[in-house]
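Student: My questions will all concern the structure given below.
The values are calculated or read from the model by the stated rules, or taken from the named source; none is laboratory data. This structure is a prediction, so every number in the text was calculated from the model and none was measured. Backbone-built Cβ (ideal geometry, glycine too); neighbour counts: all protein chains shown.
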Amino acid sequence: RKKVTIPTLLAMHAHHEPITMLTAHDFPSAHVADTAGIDMILVGDSLAMVALGYSDTSEITLDDMLLHCRSVIRGAQTSFVVGDLPMGCYEISPEQALGSAVRMVKEGRVHGVKLEGGEEMAGTIEKISRAGIPVLAHVGLTPQRQHSLGGFRVQGKSAAGALRILADAMAVQEAGAFAVVLEAVPPAVAALITRKLRIPTIGIGAGSGCSGQVLVQVDMLGNFPPGRSLPKFVKRYGDVWGEARKAIELYREEVKGGSYPGVEHGYAMPAAEFEEFER
Ligand code: KIV
Ligand code: NA
């Protein structure tokens, strides 16, 4: 497969070919997504929870993200890789945001950055994209703002709320974002916004009328400890956690019971050499 670039993505959009995006947080999760043919990989700050066990994304730092971005990049041969700017590294000023975005590209080696926010982030998106760093915007439910949103709730359920998201999506497009994530928005609203925009929309919990879809990889794989409650928009395509647990339990039983390792797992040695060694 040829490397996916911004022109590749825009061509897909022009031909109404849905864009596939999936998160990854390290070398193996990037490698499997890339070889499965995913178009865009997101090093989402959701890795704070799914890979590091933090309770929310506010605990992760830009330096943490840089380490994960570098490991993802080594596993992603052809996908277009976008890194999330974590909370605190881009809100203070467009200059602060550009400084962080530059570090994501120079040290994290990613191809583009994502940041949360609409109209109020337009100046920041313009600053970063004018410096030549592709920006993926993110409107609707913006998890880094969970406390001001009152939790992880669907956005744009009222006419006024839907208009707000439309205005945000328009603003980030005008500011130079190459695409925009729409999270937890009623499908009809996301579809209408998609029709009004020139740039692709990447939906998560936003229905099938978007230009593409994104999911958190461990969620769709079922690769998370029991007890994690999934949002209703996640489809579980596998039970990777269950498979891993079964395999590990079997290994444990076989070691305890003496059936692993077997002769076939050992290295041969000439009998004469062993006899000499034994004397
Ligand atoms: O951090 C993340 O995984 C995200 C996606 C869910 C859009 O921002
Ligand atoms: Na995120």
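Student: On the given criteria, is Val139 crowded, with 17+ Cβ neighbours inside 10 Å, among the β-branched types (Val, Ile, Thr), within 15 Å of ligand 2 (Cβ to nearest atom) and within 16 Å of Val181 (Cβ to Cβ)?
Tutor: Numbers: crowded, with 17+ Cβ neighbours inside 10 Å: yes; among the β-branched types (Val, Ile, Thr): yes; within 15 Å of ligand 2 (Cβ to nearest atom): yes; within 16 Å of Val181 (Cβ to Cβ): yes.
Taking the combined requirement at face value, the residue satisfies it.
Student: A follow-up question, please. Mind listing just one residue for me: the one in region 169-184 that is touching a helix residue (DSSP H, G or I) at 6+ places or on another chain (Cβ under 6 Å) and within 16 Å of ligand 1 (Cβ to nearest atom) and, of those, farthest from Lys127 (Cα to Cα)? Lay out the reasoning, then the answer.
Tutor: The first filter runs over region 169-184 and keeps only residues touching a helix residue (DSSP H, G or I) at 6+ places or on another chain (Cβ under 6 Å), leaving 169, 171-172, 175-178, 180, 182.
Among the residues that remain, those that are also within 16 Å of ligand 1 (Cβ to nearest atom) are: 169, 172, 177-178, 180, 182.
Numbers: Ala169: 17, Val172: 12, Ala177: 11, Phe178: 14, Val180: 17, Leu182: 22 Å.
Out of the qualifying residues, it is Leu182.
Student: Something else about it: Any chance region 46-60 includes a residue that's of a type in the set (Asp, Glu), within 13 Å of ligand 1 (Cβ to nearest atom) and crowded, with 16+ Cβ neighbours inside 10 Å?
Tutor: yes
Student: Just to be sure I understand, how many residues within region 214-237 are more than 15 Å from ligand 2 (Cβ to nearest atom), of a type outside the set (A, V, I, L, M, F, W, C) and in contact (Cβ under 8 Å) with a residue 40 or more places away in the chain?
Tutor: Counting residues in region 214-237 that are more than 15 Å from ligand 2 (Cβ to nearest atom), of a type outside the set (A, V, I, L, M, F, W, C) and in contact (Cβ under 8 Å) with a residue 40 or more places away in the chain gives 0.
Student: Could you list all residues from region 92-104 that are more than 17 Å from Glu120 (Cβ to Cβ), of a type in the set (A, V, I, L, M) and surrounded by fewer than 19 Cβ atoms within 10 Å (Cβ to Cβ)?
Tutor: Residue satisfying the conditions is Val102 alone.
Student: Further question: Going residue by residue through region 118-128, is there one that turns out to be of a type in the set (S, T, N, Q), without any contact (Cβ under 8 Å) to a residue 60 or more places away in the chain, in a helix (DSSP H, G or I) and surrounded by 23 or more Cβ atoms within 10 Å (Cβ to Cβ)?
Tutor: Looking only at region 118-128, we keep the residues that are of a type in the set (S, T, N, Q), and these are 124.
If we keep only those that are without any contact (Cβ under 8 Å) to a residue 60 or more places away in the chain too, we end up with 124.
Filter once more, so that each one left must be in a helix (DSSP H, G or I): 124.
Then keep just the ones that are surrounded by 23 or more Cβ atoms within 10 Å (Cβ to Cβ); that gives 124.
Yes; the residues of region 118-128 include at least one that is of a type in the set (S, T, N, Q), without any contact (Cβ under 8 Å) to a residue 60 or more places away in the chain, in a helix (DSSP H, G or I) and surrounded by 23 or more Cβ atoms within 10 Å (Cβ to Cβ).
Student: Still on this structure, please answer the following. Considering only residues that are more than 12 Å from Ala97 (Cβ to Cβ) and touching a Pro at 6+ places or on another chain (Cβ under 7 Å), look in region 107-125 and name the one that is nearest to ligand 1 (Cβ to nearest atom).
Tutor: So the residue we want is Gly112.
Student: What are the residues in region 73-87 that are within 16 Å of ligand 2 (Cβ to nearest atom) and touching a helix residue (DSSP H, G or I) at 6+ places or on another chain (Cβ under 7 Å), if any? Please lay out each step first, then the result.
Tutor: Start the filter on region 73-87 by keeping residues that are within 16 Å of ligand 2 (Cβ to nearest atom), which leaves 81-87.
Once the filter is applied, which keeps residues that are within 16 Å of ligand 2 (Cβ to nearest atom) and touching a helix residue (DSSP H, G or I) at 6+ places or on another chain (Cβ under 7 Å), region 73-87 yields Val81, Gly83, Asp84, Leu85, Pro86, Met87.
Student: Given the conditions (1) under 30 Å from Lys196 (Cβ atoms); (2) touching a Phe, Trp or Tyr at 6+ places or on another chain (Cβ under 8 Å); (3) within 14 Å of ligand 2 (Cβ to nearest atom), which single one is not true for Met104?
Tutor: (2)
Student: Name the pairs: first residue in region 21-46 and hydroxyl-bearing (Ser, Thr, Tyr), second residue assigned to a loop (DSSP other than H, G, I, E, B), Cβ to Cβ under 6 Å, at least 6 apart or on different chains?
Tutor: From residues that are hydroxyl-bearing (Ser, Thr, Tyr), the pairs are Thr23/Gly44; Thr23/Val216; Ser46/Val216.
Student: So, Val185, is that one buried (at least 20 other Cβ atoms within 10 Å of the Cβ) and closer than 20 Å to Ile6 by Cβ or not? Break it down stepwise before answering.
Tutor: Details: buried (at least 20 other Cβ atoms within 10 Å of the Cβ): yes; closer than 20 Å to Ile6 by Cβ: no.
Here the answer is no, as Val185 does not meet what is asked.
Student: Would you mind stating whether Thr20 is within 16 Å of ligand 1 (Cβ to nearest atom), of a type in the set (Ser, Thr, Tyr), closer than 21 Å to Gln173 by Cα and at pLDDT 95 or above? Steps first, please.
Tutor: Details: within 16 Å of ligand 1 (Cβ to nearest atom): yes; of a type in the set (Ser, Thr, Tyr): yes; closer than 21 Å to Gln173 by Cα: yes; at pLDDT 95 or above: yes.
Against the criterion (within 16 Å of ligand 1 (Cβ to nearest atom), of a type in the set (Ser, Thr, Tyr), closer than 21 Å to Gln173 by Cα and at pLDDT 95 or above), Thr20 qualifies.
Student: Considering region 30-49 alone, what residues qualify as being farther than 15 Å from Ile19 by Cβ and out of contact with any strand residue (DSSP E or B) (no Cβ under 8 Å at 6 or more places or on another chain)?
Tutor: Within region 30-49, His31, Val32, Thr35, Ala48, Met49 qualify.
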